[in-house]
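Participant: One structure, as structure tokens, below. Some questions next.
The values are calculated or read from the model by the stated rules, or taken from the named source; none is laboratory data. A quick note: this is a predicted structure, and the numbers were derived from the prediction, not measured. Note that each Cβ is placed from the backbone with ideal geometry, even for glycine, and that neighbours are counted across all protein chains shown.
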Amino acid sequence: MTALTLAADSGYAANIDNLTGLWQHFGCIAGSVTDNTRLYWSTSWPRRAWIDPRAQPEQLSYWMKAIETAPTGSVFVVWDIEQTAEYPWHARMDSLGLAPQSTLTGMIMPAAETDCSAEDMLTVQTITDCTHARHWAQLCGRCFGYRIDENVIARVLGNPNIWLMVGVFNGKPAATTLLYRSHDTVGVHQVGVDPEHRGLGIARAMMRSALSLAKEHWRPSLFVLQASEAGRGLYEQLGFRQQFKLELFHSIQE
């Protein structure tokens with residue numbers, strides 16, 4: 001997708017802007033790869049490095065500069081990959097010492113099409129203090145199998161546009177979600193279920209409750225998210241449709 005197409009597709013732009021806006025709230029530094037192209041990289045978790053998608057470069061020289069500039073251990077984000085003979089992204093990134101880590105699917109749903117209500121099986125709570133925010137980070141880390149920097153979560157605590165939510169099942173914290181509002185768009189992030197509670201429909205209940213609460217309190221126009229392959233089917237069942245692909249690359253030397 002070209003920069004021109006991105007500008008014309010407000011849904012695509014809203015999704016990407018929500019995701020990168022959240023990363024910026026987590027903490028990031030901005031630099032330049034050219035006079036007109038900005039590079040951003042996280043100061044800690046989630047360790048993302050990305051180039052403004054409105055100026056998505058195709059030349060390897062842009063990415064060489066990005067790799068040289070971003071901290072060791074950064075995960076580089078390529079938007080809307082075109083796996084064609086003309087633009088073989090995997091071969092390009094491999095030539096720079098980067099390997100594919102995972103592929104995500106950007107998804108969108110107009111809020112007017114959302115037909116969700118809170119489910120009785122799960123009690124959803126919004127986190128408001130540092131102690132519970134630390135517990136949220138620990139639980140979310142268990143859900144995804146990686147460590148989440150508790151200081152990053154503490155940094156966004158109290159932001160009126162960011163909700164940290166935990167789903168309690170049978171009296172035990174079992175699931176996490178983070179909602180981020182940007183303009184009239186709400187992004188759904190960090191939807192995870194503790195391994196001990198999987199297979200019970202908790203992810204669906206968490207999503208339905210989170211969407212219902214966000215729709216009631218924020219009245220957005222759009223809901224957006226970026227789905228793993230494992231989660232994509234659930235989101236499609238809830239009414240989300242696919243928009244684009246984005247791929248994460250990491251250093252082969254890491």
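Participant: Which of the numbered conditions does VAL186 fail, given that it passes all the others? Conditions: (1) aliphatic (A, V, I, L, M); (2) touching a helix residue (DSSP H, G or I) at 6+ places or on another chain (Cβ under 7 Å); (3) part of a helix (DSSP H, G or I).
Facilitator: (3)
Participant: Inside region 59-136, counting only strands (runs of 3 or more DSSP E) that do not spill past its ends, which hold 2 or more residues that are modelled with pLDDT under 85?
Facilitator: On the way: elements: 75-79, 98-110, 123-126.
Here the list is empty.
Participant: Right, something else. Here is a list of conditions, (1) touching a residue at least 12 places away in the same chain (Cβ under 8 Å); (2) among the polar types (S, T, N, Q); (3) assigned by TED's automatic domain parsing to the domain that holds ILE148, and THR131 meets all of them except one; can you say which number that is?
Facilitator: Evaluating THR131 over (1) touching a residue at least 12 places away in the same chain (Cβ under 8 Å); (2) among the polar types (S, T, N, Q); (3) assigned by TED's automatic domain parsing to the domain that holds ILE148 leaves (1) as the failure.
Participant: Consider HIS183 against the criteria (1) under 19 Å from GLU113 (Cα atoms); (2) modelled with pLDDT of 95 or more: it satisfies all of them except one. Which criterion is unmet?
Facilitator: With respect to (1) under 19 Å from GLU113 (Cα atoms); (2) modelled with pLDDT of 95 or more, HIS183 is out only on (2).
Participant: Under the condition of being of a type in the set (A, V, I, L, M) and touching a residue at least 60 places away in the same chain (Cβ under 8 Å), which residue from region 9-53 is nearest to VAL152 (Cα to Cα)?
Facilitator: Looking at residues that are of a type in the set (A, V, I, L, M) and touching a residue at least 60 places away in the same chain (Cβ under 8 Å), I get LEU22.
Participant: Of the residues that sit in region 239-254 and are surrounded by fewer than 17 Cβ atoms within 10 Å (Cβ to Cβ) and outside any strand (DSSP E or B), which one is farthest from the chain's Cα centre (by Cα)?
Facilitator: GLN253
Participant: So, one more: Keeping to region 54-73, report how many residues are among the small types (Gly, Ala, Ser) and in contact (Cβ under 8 Å) with a residue 60 or more places away in the chain. Write out each step before concluding.
Facilitator: Our first condition is that a residue be among the small types (Gly, Ala, Ser); within region 54-73, this holds for 55, 61, 66, 70, 73.
Checking which are in contact (Cβ under 8 Å) with a residue 60 or more places away in the chain leaves us with 73.
Number satisfying all stated conditions: 1.
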